[in-house]
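One structure is given here, and the rest of the page talks about it.
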Amino acid sequence: MVVAMRAETLLAEAAAALLAAGISNCRQEAGWLLAHVLGEQELTAQPCSGGAPLAPALVVRFNALLARRLGGEPLQYILGDVDFHCVNLLVGPGVLIPRPETEQLVDFALELYPGTGEICDLCTGSGAIALALAASLPGAAVTGVDLSPEALTWARRNGERLALPNVRFFLGDLFAPLPAAARFVMITANPPYVSADEYERLEPVVKDYEPQLALLAPERGLAMIKRIAKESCRWLTPGGWLLCEIGEEQGGEVGGILRACGYAKVAIRQDYAGKDRVAVAQWPGGADD
Ligand SMILES: C[S@@+](CC[C@H](N)C(=O)[O-])C[C@H]1O[C@@H](n2cnc3c(N)ncnc32)[C@H](O)[C@@H]1O
């Protein structure tokens, strides 16, 4: 039988169990799980006063979520959402959990956006980049594309939940589903770029839960980046920008690929941790050339 428990006791026991399972930020994670359970309780209007013991039903619910986390499932799948840049996104099985370093790509895109014109976000996943840009630039039409039907379901759900009128999503392989006449002043992408070797070494919390299609790419992780560099040329307006997330050791090669495709102003920018993370390049022919 589950009895009522004080929150402090529950949190301390949960943190100890998480630590024993190798989860280092155990206190924070225990706190987030409890906040999630208490948030659900608010929605179902069952009162819970500050220092009073938690009702047995809450303890049962908390323990069920804790068991999933102890079983190795990503915290964000359990909580069901994640903050990304300026938006909150629903996530779950079938879609990559947006990473904090990808927020840097959004900041670079906002810095380079020329003030008018359409944006395309390839490999959109949950819609993270597309939706953050659409929210930040209400005057810009943003198109997101993904090959995975599961991922696109999350993207569309997020688009509807955020009620952004300036974003639309297409299912398909890179540019294949787009109208032939479409042209973009900016193309963003966080494609799969993990090599086969790196994929084998990924933490189980990533490898066992997040989709392989979102992570793994042939040719030492470069195959999709090469395709994006090559195919974007025909979809960018003169002077349009390509911003592509890359692996921290891919900067040199990706810079060479972009220059070989004919891009100008090729630069590899770093994330908040100082690691190479975003390749930026301009398609020639703009007014400032
Ligand atoms: C690294 S995830 C990025 C997701 C999201 N943009 C983000 O930053 O969180 C890569 C995404 O690319 C998608 N993808 C893989 N191959 C693709 C292709 N050929 N065309 C379009 N999307 C593709 C995967 O389904 C996955 O959602």
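The values are calculated or read from the model by the stated rules, or taken from the named source; none is laboratory data. The structure presented is a predicted model; accordingly, all values stated were derived computationally and were not measured. All Cβ positions, even for glycine, are placed from backbone atoms using ideal geometry, and neighbour counts span all protein chains on display.
Things worth noting here:
- Scanning the range 236-250 for residues that are polar (S, T, N, Q) and either in contact (Cβ under 8 Å) with a residue 60 or more places away in the chain or not assigned by TED's automatic domain parsing to the domain that holds A180 (or both) gives a single hit, T237.
- Among the residues of the range 231-259, those identified as of a type in the set (A, V, I, L, M, F, W, C), more than 16 Å from the ligand (Cβ to nearest atom) and buried (at least 19 other Cβ atoms within 10 Å of the Cβ) are L236, W241, I257, L258.
- Residue among P177, P138, P149 that alone is over 18 Å from V91 (Cα atoms) and either outside the structural domain of R227 (by TED's automatic domain parsing) or within 12 Å of the ligand (Cβ to nearest atom) (or both): P177
- Every residue from the range 157-168 that is more than 19 Å from W235 (Cα to Cα) and either of a type in the set (A, V, I, L, M) or within 13 Å of the ligand (Cβ to nearest atom) (or both): N158, L162, A163, L164
- Of the helices (runs of 4 or more DSSP H) lying entirely inside the range 49-133, those containing at least 1 residues that are more than 21 Å from V278 (Cβ to Cβ) and touching a residue at least 12 places away in the same chain (Cβ under 8 Å) are 56-70, 75-79.
- Of all residues in the range 142-181, those being assigned to a strand (DSSP E or B) and within 11 Å of L131 (Cβ to Cβ) number 4.
- Check on G262, small (G, A, S) and surrounded by 13 or more Cβ atoms within 10 Å (Cβ to Cβ): no
Condition check ((1) of a type in the set (A, V, I, L, M, F, W, C); (2) part of a strand (DSSP E or B); (3) out of contact with any Phe, Trp or Tyr (no Cβ under 9 Å at 6 or more places or on another chain)) across all residues:
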| residue | (1), (2), (3) |
| --- | --- |
| A229 | yes, no, no |
| L242 | yes, yes, no |
| G247 | no, no, no |
| G256 | no, no, yes |
| A260 | yes, no, yes |
| A267 | yes, yes, yes |
| G274 | no, no, yes |
| G285 | no, no, yes |
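- Residue in the range 278-289 that is of a type in the set (D, E, K, R), closer than 19 Å to Y193 by Cα and touching a strand residue (DSSP E or B) at 6+ places or on another chain (Cβ under 9 Å) present: no
- Of residues in the range 136-191 being without any contact (Cβ under 8 Å) to a residue 24 or more places away in the chain and small (G, A, S), the one nearest to G286 (Cα to Cα): A181
- Among residues of the range 216-227, those that are surrounded by fewer than 14 Cβ atoms within 10 Å (Cβ to Cβ) and touching a Phe, Trp or Tyr at 6+ places or on another chain (Cβ under 7 Å), counted: 0
- The set of residues in the range 76-103 being farther than 19 Å from L162 by Cβ, assigned by TED's automatic domain parsing to the domain that holds L242 and away from the ligand (no atom under 11 Å from the Cβ) consists of P93 alone.
- Flag if L171 is within 17 Å of M224 (Cα to Cα), assigned by TED's automatic domain parsing to the domain that holds E101, more than 8 Å from the ligand (Cβ to nearest atom) and in contact with an Asp or Glu (Cβ under 8 Å, 6 or more places away or on another chain): yes
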